[in-house]
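The values are calculated or read from the model by the stated rules, or taken from the named source; none is laboratory data. Bear in mind that the values here come from a model prediction, so they are computed numbers and not experimental data. We place every Cβ from the backbone using ideal geometry, glycine too, and count neighbours over all the protein chains shown. Keep in mind that these areas ignore ligands, DNA and RNA; they rest on the heavy atoms of the full protein, side chains included. Shrake-Rupley method; radii C 1.70, N 1.55, O 1.52, S 1.80 Å.
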There are 2 protein chains.
Amino acid sequence: MSDTDALNLPKSSLPRIVIVGGGFGGVALAKKLSKKEVQVVLLDKNNYHTFQPLLYQVSTGGLEPDSIAYPIRKILQDYNNFFFRLAEVQSVAPESKTIITNIGELGYDYLVIAAGSTTNFFGNTAIEANGMAMKTIPQSLNLRSLILENFEQALLTDDLHERDALMNFVIVGGGPTGVELAGALAEIKKGILPKDYPDLDTRRAQINLVQSGDRILKGMSDNASKKAEEFLESLGVHIWKNTRVTSYDGKTADTKTELKFEAATLVWAAGVKGVPIGGLDAEEFLVRGNRLKVNEFNQILGQDAIFAVGDIACMQTEDTPHGHPMMAQPAIQQGRNLGDNLLRLVRKEPMQPFIYKDKGSMATVGRNKAVVDMKNYRFQGVFAWFVWMFVHLFFLIGFRNRVVVFVNWVYNYVRFDREARLIIRPYQRDYSLFKDQKTL
Amino acid sequence: MSDTDALNLPKSSLPRIVIVGGGFGGVALAKKLSKKEVQVVLLDKNNYHTFQPLLYQVSTGGLEPDSIAYPIRKILQDYNNFFFRLAEVQSVAPESKTIITNIGELGYDYLVIAAGSTTNFFGNTAIEANGMAMKTIPQSLNLRSLILENFEQALLTDDLHERDALMNFVIVGGGPTGVELAGALAEIKKGILPKDYPDLDTRRAQINLVQSGDRILKGMSDNASKKAEEFLESLGVHIWKNTRVTSYDGKTADTKTELKFEAATLVWAAGVKGVPIGGLDAEEFLVRGNRLKVNEFNQILGQDAIFAVGDIACMQTEDTPHGHPMMAQPAIQQGRNLGDNLLRLVRKEPMQPFIYKDKGSMATVGRNKAVVDMKNYRFQGVFAWFVWMFVHLFFLIGFRNRVVVFVNWVYNYVRFDREARLIIRPYQRDYSLFKDQKTL
């Protein structure tokens, strides 16, 4: 039809802003552009926004995946001049102001790359092939299935050594993700496994948290680290500091020292990196961790019309020589600031630099156990745990999601339970490595 | 270990009852055997019980899958002498009182086959290969993905004919499943599509309900059928009676007459059949629809120690010459009666015959629109809709599931919305049949 453009978008005299990615940064930006004199096209390879901080609860049966995902089209419903396309972006051609996607090409006046981050295996292909990641909902569901399948499998072997390996969990990375997953698994071991598997000695299940540095939660205060370690140890988690996992073949995890883990499950939560986009020369535009160098306006250096926000953007300032932390808050704040700046650009006004307001960070270990670092307050324990829950409910998108998550949390708390322990799509683990076993 | 049996089950002097299937029948039976002088082994290929009557709400984004599934191990937690194994049963060897599964062999004293039913394509391989079924949670999620993907795909074509085909839904089978799915799709078309796809003329989306007989809901009263038709038509569903779909190649559904449907989606809800188990000779034991012939004690004819309940059992009585309806109620009632009978057998007392109490049947079409047939009361409309909801909440297993489903229903009702419209695992539909389109 003549009145439409590439990807069947209506032609418009308004400047077109293309946003790649519907995560925290992309959505915060979109919100700012609602009902303004711009046409906005949001692209994402999923039709939903993922609330990544709660993925570990999906993996451990505490929440259903649908309550931490939110349809992007629903977010955009009330916005004017907004268009969504389910697409994977392949590359950008800055000279022609065009991006190339799997569904076709699309011109832009301004392009915002908010594609987020993915798991960084630092080139270790063995760990990538045999370990589990937990950055997306399908990955979290795979991990949920694997955890449950391991116990079903453990029931079938007479060999104690193999059974122990099936019930051994190695979590690499002592950041919030690793800490929260380890804590949740420890609570499952204590509260659920003995009831679910009366014919299996689940006391022998082990949760190992492996950290290359000398403390966990290294982005937080010493106090928080220390308290989180205490909490984890009180739950029975084994913490291995100054330990670096070097390889994993699906059965044995090797470390730099003599230490080895025989385990059917290794979760890699030891690093993230930007998601590369073709067309932007790595030498010129990328810094450590595949992130795009941006100036104080989130503008990619040397590119007037291309911006990046969130995990994928690296704004090197005096306070942040390696860029801002790859977390929700910087993404949201950058998205908002960029939204205002793009409108200023359209109006030919000068842009305002981004100033990060550090609202602090937090991690939860388990029931009544969390650590919170705020600018002027640091606290741990029950109150921190309530603050953690309140903040997460607050940032969750959608009223229904909040209510459902709240209902689940109340239920889980009162009943010491997690009912979403369902293997809906089995994870096709190769158990033949664990020989002498019947196959499941 | 010497104190365990096959599948690592503890040896016991108690008689062992093996139940195949954790559906309505298997679970109702298990409940009766709790804390009795028997060892019970429940086998299922999933680790969860599925509440099948609400699968259509998963497909249409009204409910999350996790809230209509319930972990079988959780159901059995409070029972004594109960063991669950995640296993697929391959065959039975009645002479040695053994069943063969994918994880090994298992002896039994009494065997109960409660394996349920699967979609019956009546040998039509084209429809089986290209159509969608909706009997399991993964199938329902595939359908949910496909429905959403179709609209994303429809956005990308300029060809009106192709776009219409992508937005055309053919539901074959006018039973409760077909009626409920058609109604839900019609409500989505009306309430959600125009907001989610402002750049697509979703008024052109079509929902076709095709029924081979001369009325829909033929298991219900004439009144119910008539009213359900009225309800569906008021929602804009096209009902095609006396129409038999003969083939579907993924694009065109042919019928016995000149009528054809060009549609990217065909849902086959036109029949179910028992799930065959090896080792029981078809000639001798099976009747129409792959069901096992049973006597009034749900005992397989000629087999003292093998029983069948639910969809897979066909008890031919004067009132039910073709067996009981393949629905939840007969399965639950048969499971309960058989539970009592097995305990009688163990105590060497005579068994009591099964007497079916028909509690009526019901179907919902949409918001405030349902039809209910009870023995002495028949009613349609708002009150029927409330009764339908209450009954479904009542039979759902698990307090958390009930609360979450209730919250979703209230939300969906108040907001005219269904938020679980998420493509978590894309359904890999081949859209190349719809030529001239960009691929998604």
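Computed about its Cα centre, the charge dipole of the protein assembly as shown is approximately 2240 debye, with only Lys, Arg, Asp and Glu carrying charge at their Cβ. Distant-in-sequence amide contacts of B:E88, defined by a placed amide H-H separation under 5 Å and a gap of 5 or more residues or a different chain, comprise B:N102, B:I103.
Hey, got the dipole for chain B? About the Cα centre, +1 on K and R Cβ, -1 on D and E Cβ, debye to the nearest 20?
Working: 51 positive and 48 negative charges, 243 e Å.
I would put it at about 1160 debye.
Only helical runs count toward this figure. For chain B, summing -39,500 (n - 2.57) over DSSP H runs of n ≥ 4 and dividing by all residues gives -9500 deg cm²/dmol at 222 nm.
Ordering B:129-137, A:354-362 by mean Cβ neighbour count within 10 Å, with the highest value first, yields B:129-137, A:354-362. If one puts a single equal scatterer on every Cα of chain B and applies the Debye formula without solvent, what log₁₀ I(q)/I(0) results at q = 0.10, 0.11, 0.12 Å⁻¹? These q points yield log10 I(q)/I(0) values of -0.74, -0.89, -1.03. With the charge dipole of region A:99-247 set up from +1 on Lys and Arg Cβ and -1 on Asp and Glu Cβ about the Cα centre, the Cα lying farthest toward the positive end among the listed residues A:I103, A:G174, A:F151 is that of A:G174. What the phi angles of region A:14-26 give under the Karplus curve with 6.51, -1.76 and 1.60, with θ = phi - 60°, is a coupling list of 6, x, 9, 9, 9, 10, 9, x, x, x, 4, x, x Hz, glycine and proline written as x.
For A:R244, the label point sits 7 Å beyond Cα toward Cβ; its separations from the matching points on the remaining copies run 7.2 nm, from shortest to longest.
If exposed means no more than 11 neighbouring beta carbons inside 10 Å and the site is in a DSSP loop, what's the longest run of chain A without any exposed GluC sites (Glu not before Pro)?
Working: sites that count: A:E258, A:E318.
Between exposed loop sites, the widest span is A:1-257.
Inside 10 Å of the C-beta atoms of A:68-80, what's the mean count of C-beta atoms belonging to other chains? Write out the running numbers ahead of the final one.
Numbers: counts 0, 7, 4, 11, 2, 10, 7, 0, 3, 6, 1, 1, 1.
Average neighbour count from other chains, rounded to a whole number: 4.
Pairs from the list B:K218/B:K251; A:K11/A:K74; A:K135/A:K375; A:K256/B:K74; A:K31/B:K189; A:K11/B:K135 with a Cα-Cα gap above 32 Å: A:K256/B:K74; A:K11/B:K135.
Sorted from nearest, the other copies put their B:R288 label points 7.4 nm away, the label point being 7 Å from Cα in the direction of Cβ. Which aspartates and glutamates have a Cα less than 17 Å from the Cα of A:K35, not counting those fewer than 8 places away in the same chain? Result set, ordered by chain and number: A:D78, A:D340, B:D196, B:D199.
Compared with the dominant Cα axis of chain B, that is its longest principal axis, helix B:328-346 is turned about 10°.
Sorted from longest to shortest, the spans of the Cα atoms of region A:368-440 along the three principal axes equal 56, 29, 24 Å.
With the Cα gyration tensor of region A:239-384 giving a ≥ b ≥ c as the square roots of its eigenvalues, does the rule (a/c under 1.5 for rounded; else a/b larger than b/c for prolate; else oblate) give rounded, prolate or oblate? Judged from the Cα gyration tensor, region A:239-384 comes out oblate (a/c at least 1.5, b/c at or above a/b). Treating the protein assembly as shown as a set of equal point scatterers at the Cα positions, no solvent, please give the Debye-formula log₁₀ I(q)/I(0) at q = 0.09 Å⁻¹. Log10 of I(q)/I(0), two decimals: -0.99. Distances between copies at B:S91, taken between label points 7 Å from Cα along the C-beta direction, are 5.7 nm in increasing order.
At R0 = 35 Å, how high is the FRET efficiency between B:K32 and B:D222 if r is their beta carbon distance? Nearest 0.05 is fine. Numbers along the way, then the final one.
On the way: r = 37 Å, r/R0 = 1.07.
My answer for the efficiency is 0.40.
Estimated at 0.36 nm per residue, the fully extended path between B:F399 and B:T125 surpasses their Cα-Cα distance by 94.5 nm. Averaging the sequence gap over all C-alpha pairs within less than 8 Å and six or more residues apart, then dividing by the number of residues, gives chain B a relative contact order of 20 percent.
Using Cα centres only, tell me the gap between region B:182-252 and region A:42-73 in whole Å. Going from one Cα centre to the other spans 31 Å. Looking down the axis that turns chain B into chain A, the chain B residue with its beta carbon nearest that axis, and the gap rounded to whole angstrom, comes out as B:E64, 2. Expressed as an acute angle from 0 to 90° and rounded to the nearest 10, what is the orientation of the C-alpha long axis of helix A:176-191 relative to the principal long axis of chain A? So the helix axis and the longest Cα principal axis differ by about 40 degrees.
For region B:125-141, 3J(HN,Hα) computed residue by residue from phi via the Karplus equation (6.51, -1.76, 1.60; θ = phi - 60°) reads 5, 5, 5, 4, 6, 10, x, 10, 10, 9, 10, 10, 5, x, 4, 5, 5 Hz, glycine and proline entered as x.
Determine the dipole magnitude for region A:181-289: charges of +1 sit on the beta-carbon of Lys and Arg, -1 on that of Asp and Glu, nothing else is charged, the reference point is the Cα centre, and the result goes in debye to the nearest 20.
Computed about the Cα centre, the dipole is about 300 debye.
Given an 8 Å cut-off on Cα distances and at least 6 residues of separation, report the relative contact order of region B:1-125 as a percent. All intermediate terms of the calculation are to be shown ahead of the outcome.
Numbers: 197 pairs, mean separation 39.7, N = 125.
Relative contact order for region B:1-125 comes out at 32 percent.
Our Cα-only numbers for region A:56-105 put the radius of gyration and Dmax at 16.5, 48 Å. Residue by residue, region B:159-167 carries 3J(HN,Hα) couplings of 7, 4, 4, 5, 4, 4, 4, 5, 9 Hz when phi is fed to the Karplus relation 6.51 cos²θ - 1.76 cosθ + 1.60 (θ = phi - 60°); x denotes Gly or Pro.
For region B:253-405, calculate the relative contact order in percent as a whole number, restricting contacts to Cα pairs under 8 Å that are 6 or more residues apart.
On the way: 184 pairs, mean separation 16.6, N = 153.
Value for region B:253-405: 11 percent.
Taking amide H positions as modeled 1.01 Å from N, with prolines and chain starts lacking one, the residues under 5 Å from A:F307 and 5 or more places away or on another chain are A:L111, A:V112, A:I113, A:I300.
Filter the trypsin sites (Lys or Arg not before Pro) in region B:173-263 down to the DSSP loop ones having no more than 16 other Cβ atoms within 10 Å, then list what survives.
Numbers: sites: B:K189, B:K190, B:K195, B:R203, B:R204, B:R215, B:K218, B:K226, B:K227, B:K241, B:R244, B:K251, B:K256, B:K260; in loops: B:R215, B:K218, B:K241, B:R244, B:K251, B:K256.
When the trypsin sites (Lys or Arg not before Pro) of region B:173-263 are filtered for loop state and at most 16 Cβ neighbours within 10 Å, B:K218, B:K241, B:R244, B:K256 remain.
Solvent-accessible area per residue for chain B at a 1.4 Å probe radius, Å²? Intermediate values should be presented prior to the final figure.
Numbers: 17900 Å² over 440 residues.
It amounts to 41 Å² per residue over chain B.
Can you tell me how region A:1-150 classifies by the Cα gyration tensor, rounded, prolate or oblate, using a/c under 1.5 as the rounded cut?
Numbers: a/c = 2.74, a/b = 1.80, b/c = 1.52.
It is prolate, given that a/c is not under 1.5 and a/b is the larger ratio.
The residue among A:Y248, B:M351, B:W268 whose Cα reaches farthest toward the positive pole of the charge dipole of the protein assembly as shown, with charges on the beta-carbon of Lys, Arg, Asp and Glu, is B:M351. The alpha-carbon atoms of region A:12-63 define a convex hull whose volume equals 88 cubic angstrom per residue. Comparing Cα centroids, region B:319-351 and region B:371-420 end up 28 angstrom apart.
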